[in-house]
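Engineer: Sharing a structure, written as structure tokens. Questions coming.
The values are calculated or read from the model by the stated rules, or taken from the named source; none is laboratory data. Quick caveat, the model's predicted, so the values are computed rather than measured. Counting neighbours? That spans all protein chains shown, and the Cβs are built from the backbone with ideal geometry, glycine included.
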Amino acid sequence: MHLVIQGPLLADDDLRQLAQLADAQRFERFAPGAGRLIGARQQAGIAEYCARAKLDFGSIPEERKLADMKLLAIDMDSTLISIECIDEIADMAGVKAEVSAITAAAMRGEIDYTESLRQRVGLLQGLDQKALARVYDERLRLSPGAETMLAAMQRAGVKTLLVSGGFRFFTERLKARLGFDYSLSNALEIEGGRLTGRVIGTIVDAQAKAAKLRAVRDELGIAADRIIAVGDGANDLAMMAEAGVSIAYRAKAVARSKADYALDYAGLDGVLNLFA
């Protein structure tokens, strides 16, 4: 196993000190913000050092390569993108505080996701549908490293799936813009140019995300250990459990505790360093 260390402020001295803590044979930097400790023998003190230095770390099998992977499944809100779309829509309706509080509780796993979404969407009743385009154009930003990560996945032949408990208005635009192969999300009901406060059809919750991953997996005929899943909240756990490699990105504690790796400081391009 190698120990990969990464973060925006990774210094050679950090690698040197971490190599000593890990009793590694040697260290090498393989990207501007990433290095590996070759032959790391133990991890006592590593987590504490990395927390102080704002660095991510993870033990990586030496033989694992990105070319071995076949599918990437990634959540949208606060993962692929830096915002929660529903919170920003709510801001335009003047109910952001109420909606954000429900969103946060749902992501921590404190309330049922399906019920939380119904409550939040209900608060948007009567909002002009033009608010959706404003959120996309004015507020939606990709998380750091997202485009780099996706381009590398596509070059490696990895299929990509965007799954979201959020809304199709955003996932379909991101799918076209970034070249995702598959997507799944909810559809907001609109009548007379305004949101009705309802979602069309069955709500995409944690189990629906996991089911979509399994369906794509079976369609492609691939094994679970060839799948990468990236998420940030409680409603991503079922999906992440279906993957051979699960990664918590800027995640809530409930997701971080269950994931194989956590990226708290590196961008989404840090996913690639876990396969370097």
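Engineer: Which residues, counting only those in segment 17-32, are over 21 Å from L272 (Cα atoms) and either among the hydroxyl-bearing types (S, T, Y) or loosely packed, with under 13 Cβ neighbours inside 10 Å (or both)?
Structural biologist: Q20, Q25, R26
Engineer: Consider only pairs whose beta carbons are under 9 Å apart and that are at least six residues apart or on different chains; among these, list those whose first residue lies in segment 201-217 and is in the same structural domain as I227 (by TED's automatic domain parsing) and whose second residue is among the hydroxyl-bearing types (S, T, Y) and assigned to a loop (DSSP other than H, G, I, E, B).
Structural biologist: Hits for this filter: A208/T202.
Engineer: Determine which member of the set A229, A248, A224 is touching a residue at least 24 places away in the same chain (Cβ under 8 Å) and aliphatic (A, V, I, L, M). Walk me through it before giving the result.
Structural biologist: On the way: A248 fails: touching a residue at least 24 places away in the same chain (Cβ under 8 Å); A224 fails: touching a residue at least 24 places away in the same chain (Cβ under 8 Å).
On inspection, the qualifying residue turns out to be A229.
Engineer: Just to be sure I understand the filter: pairs with C-beta atoms under 6 Å, separated by 6 or more residues or on different chains, first member in segment 14-26 and in a helix (DSSP H, G or I), second member among the small types (G, A, S). Which pairs pass?
Structural biologist: D14/A53; L15/G35; L21/G45
Engineer: Go through segment 117-160 residue by residue and tally those that are under 24 Å from A67 (Cβ atoms) and touching a Lys or Arg at 6+ places or on another chain (Cβ under 7 Å).
Structural biologist: Number satisfying all stated conditions: 2.
Engineer: Considering only segment 143-180, state which residues are out of contact with any helix residue (DSSP H, G or I) (no Cβ under 8 Å at 6 or more places or on another chain) and either surrounded by 20 or more Cβ atoms within 10 Å (Cβ to Cβ) or charged (D, E, K, R) (or both).
Structural biologist: Taking segment 143-180 as the starting set, the residues that turn out to be out of contact with any helix residue (DSSP H, G or I) (no Cβ under 8 Å at 6 or more places or on another chain) are 144, 151, 154-155, 168, 172, 175-177.
Once the filter is applied, which keeps residues that are out of contact with any helix residue (DSSP H, G or I) (no Cβ under 8 Å at 6 or more places or on another chain) and either surrounded by 20 or more Cβ atoms within 10 Å (Cβ to Cβ) or charged (D, E, K, R) (or both), segment 143-180 yields R155, R168, E172, K175, R177.
Engineer: Can you spot a residue in segment 111-128 that is closer than 28 Å to R177 by Cβ, surrounded by fewer than 21 Cβ atoms within 10 Å (Cβ to Cβ) and modelled with pLDDT of 95 or more?
Structural biologist: Yes, that holds for at least one residue.
Engineer: Quick one: in segment 86-104, of everything that is under 18 Å from the mean Cα position of the chain (by Cα) and among the aliphatic types (A, V, I, L, M), which residue is surrounded by the most Cβ atoms within 10 Å (Cβ to Cβ)?
Structural biologist: Filtering segment 86-104 down to residues under 18 Å from the mean Cα position of the chain (by Cα) leaves 86-87, 103-104.
Now restrict to residues that are among the aliphatic types (A, V, I, L, M): 86, 104.
Values: I86: 27, A104: 16.
This residue is I86.
Engineer: Residues in segment 71-105 that are without any contact (Cβ under 8 Å) to a residue 12 or more places away in the chain and not hydrophobic (A, V, I, L, M, F, W, C): how many? So that I can check it myself, show each step before the final result.
Structural biologist: To start, the set of residues in segment 71-105 that are without any contact (Cβ under 8 Å) to a residue 12 or more places away in the chain comprises 91, 94, 96-97, 101, 104-105.
From the residues that got through so far, the ones that are not hydrophobic (A, V, I, L, M, F, W, C) too are 91, 94, 96.
Number satisfying all stated conditions: 3.
Engineer: Touching a Gly at 6+ places or on another chain (Cβ under 7 Å), closer than 24 Å to A47 by Cα and surrounded by fewer than 24 Cβ atoms within 10 Å (Cβ to Cβ) - does that describe any residue in segment 237-249?
Structural biologist: Within segment 237-249, not a single residue is touching a Gly at 6+ places or on another chain (Cβ under 7 Å), closer than 24 Å to A47 by Cα and surrounded by fewer than 24 Cβ atoms within 10 Å (Cβ to Cβ).
Engineer: Can you spot a residue in segment 117-128 that is over 28 Å from A151 (Cβ atoms) and either without any contact (Cβ under 8 Å) to a residue 24 or more places away in the chain or among the aromatic types (F, W, Y) (or both)? First the steps, then the outcome.
Structural biologist: Residues of segment 117-128 that are over 28 Å from A151 (Cβ atoms), as a first pass: 117-128.
Add one more test, that the residue is either without any contact (Cβ under 8 Å) to a residue 24 or more places away in the chain or among the aromatic types (F, W, Y) (or both), and what stays is 119.
Yes, segment 117-128 contains at least one residue that is over 28 Å from A151 (Cβ atoms) and either without any contact (Cβ under 8 Å) to a residue 24 or more places away in the chain or among the aromatic types (F, W, Y) (or both).
Engineer: Which of the residues spanning segment 143-165 are assigned to a helix (DSSP H, G or I) and either in contact with a strand residue (DSSP E or B) (Cβ under 9 Å, 6 or more places away or on another chain) or of a type in the set (D, E) (or both)? Walk me through it before giving the result.
Structural biologist: Step one: filter segment 143-165 for residues assigned to a helix (DSSP H, G or I), giving 146-155.
Selection gives A146, E147, M149, L150, M153, Q154.
Engineer: With respect to D112, determine if the residue is of a type in the set (D, E, K, R) and under 25 Å from V158 (Cα atoms).
Structural biologist: no
Engineer: Still on this structure, please answer the following. Considering only segment 33-64, state which residues are touching a residue at least 12 places away in the same chain (Cβ under 8 Å), farther than 12 Å from H2 by Cα and either surrounded by fewer than 11 Cβ atoms within 10 Å (Cβ to Cβ) or polar (S, T, N, Q) (or both).
Structural biologist: Residues of segment 33-64 touching a residue at least 12 places away in the same chain (Cβ under 8 Å): 33-46, 49-50, 53-62, 64.
Remaining after also requiring farther than 12 Å from H2 by Cα: 33-34, 44-46, 49-50, 53-56.
A44, the sole residue that qualifies.
Engineer: Here's a follow-up. Name the helices (runs of 4 or more DSSP H) wholly inside segment 199-276 in which the number of residues that are out of contact with any strand residue (DSSP E or B) (no Cβ under 7 Å at 6 or more places or on another chain), at pLDDT 95 or above and of a type in the set (G, A, S) is 1 or more. Break it down into steps so the answer makes sense when it comes.
Structural biologist: Numbers: elements: 206-220, 237-241, 253-256, 270-273.
Qualifying helices (runs of 4 or more DSSP H): 206-220, 237-241.
Engineer: Scan segment 127-142 residue by residue and report those that are out of contact with any helix residue (DSSP H, G or I) (no Cβ under 9 Å at 6 or more places or on another chain) and in a loop (DSSP other than H, G, I, E, B).
Structural biologist: Correct list: R141 only.
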